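The values are calculated or read from the model by the stated rules, or taken from the named source; none is laboratory data. These numbers come from a predicted model, not from an experiment. Neighbour counts run over all protein chains shown; Cβ positions are idealised from the backbone, glycine included.
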Amino acid sequence: MATVTIYPGREARLTGGHLWIYAGEIKNVDGTYAPGDIVDVRAADRTFIGRGYINLRSTIAVRLLTHRREPIDEGFFRTRLAEALALRSRVATGTTASRLVYSEGDGLPGLIVDRYGDLLVLQCLTLGMARQQPAIVRILEELLSPAAVYARNDAAVRRLEGLPAEVGFVSGQAPTVQEIVEGGLRFRVDLAAGHKTGFYLDQRENRQTVAAYAPPQGEVLDVFCYTGGFALHAARAGGTVTGIDISAEAVAAATEHARLNGLTERCTFQAGNAFDLLRGLARAGPRFDLVILDPPAFAPSRSRLERAAAGYKEINLRALKVLRPGGILVSCSCSYHVSEELLLALIAEAAADAHRRVRLLEARGQARDHPIHPGMPETRYLKCLILEVT
């Protein structure tokens, strides 16, 4: 096994639990290895730090799997997967869809596994994990006996690892459109073409919480509504919902979901640019009792943070202008580089510009089946702020 030695002074973050070693932190590599191989990592004074897989093509050159001297074999992955599944049996309730494995949050960097009914969707985002995919599929079959396992190995991050896009069944066969139940609502999920692995599982608990803020017979605006997750929960609570999304396909799916759940009379969805439509609604004045903003990541990298901040402020400003006094603003960000503190500050600036006062009622994050690694702030990416307009 090759050994990676890092530069002096770079070990504190790693001994604190972080699992990534950047290429610029590596002083030298002793021994022979192939990309994706398991290597030992040591501090400059030769103190053992951990063991993980290496790929010098990536900016993140080594991803640690363990801080112990233990074999990284099929037994290791079986133990880690069994631990992940045991957690989900406690926290992912009231749904037939959940995240079973959340990468670093489960000590398995580069691996995502989602459950949709009795079908699993797998993503191997790194070369080291892609080499383990056959063993991982075998273990999942052993532990869960799924009807099929579908690979959604088409995330853009794979290119940084030198990996091609690969999609398709790696075990069994099943329809790629699966019906799931979340909090008593039915959704049809396109596992082959939907965002992420087909559905935004990380917002599940937030959708149900936000529904409690939907006033009976109140007006709800769901911006960036995708296939209607927030909208349908709010409509079932008694609200009359207008949903907006730039994707005509998403709007068609949301409309079908409203029909599927008997909520057609309470839901109207339209395709269009959210910024333009919000400006138009703002010119008409306050109308809504609840506005939900769940945009895509405006800041996929730190270099785009300034532009993203302007975008977040803009949509929150327009949302505040369409809310009635006493209304509720739900403002989300899935951009890791936009911190909760920054998002709240941007909302405060927007409120000042809109001549509205707001107060924070709840600060929420991703669903519990997306556990946060305390040594890796990168694993805490989703922010969901719920505010009242006073």
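Annotation note: Cβ proximity below 9 Å between a residue of the range 144-164 that is loosely packed, with under 15 Cβ neighbours inside 10 Å and a residue that is among the β-branched types (V, I, T) and in a strand (DSSP E or B) (sequence gap 6+ or interchain) occurs for D154/V167. Among the criteria (1) surrounded by fewer than 21 Cβ atoms within 10 Å (Cβ to Cβ); (2) within 23 Å of R380 (Cα to Cα), the one E249 does not fulfil is (2).
Selection of strands (runs of 3 or more DSSP E) fully inside the range 126-238 by the criterion of at least 3 residues being over 22 Å from L385 (Cβ atoms) returns 148-153, 166-171, 177-182, 185-190. In the set (1) in contact (Cβ under 8 Å) with a residue 60 or more places away in the chain; (2) surrounded by fewer than 18 Cβ atoms within 10 Å (Cβ to Cβ); (3) under 21 Å from G239 (Cβ atoms), P296 fails one condition alone, (3). Considering R368, R304, R357, R364, the condition of being exposed (fewer than 15 other Cβ atoms within 10 Å of the Cβ) and in the same structural domain as R204 (by TED's automatic domain parsing) is satisfied by R357 alone. Of the listed requirements (1) within 14 Å of S171 (Cα to Cα); (2) part of a helix (DSSP H, G or I), L122 misses just one: (2). Only a single criterion out of (1) over 28 Å from V149 (Cβ atoms); (2) buried (at least 19 other Cβ atoms within 10 Å of the Cβ) is not satisfied by F187, namely (1). Taken over the range 88-104, the criterion of being in contact with an Asp or Glu (Cβ under 9 Å, 6 or more places away or on another chain) and touching a residue at least 60 places away in the same chain (Cβ under 8 Å) is satisfied by R88, V91, A92, G94, T95, T96, A97, S98, R99, L100, Y102, E104.
Across the range 208-225, the qualifying residues are those that are crowded, with 24+ Cβ neighbours inside 10 Å and of a type outside the set (G, A, S), and the one among them that is nearest to P371 (Cα to Cα) is V210.
Looking only at the range 331-390, which residues are over 26 Å from I112 (Cβ atoms) and assigned to a helix (DSSP H, G or I)? Scanning the range 331-390 gives E341, L342, L344, A345, L346, I347, A348, E349, A350, A351, A352, D353.
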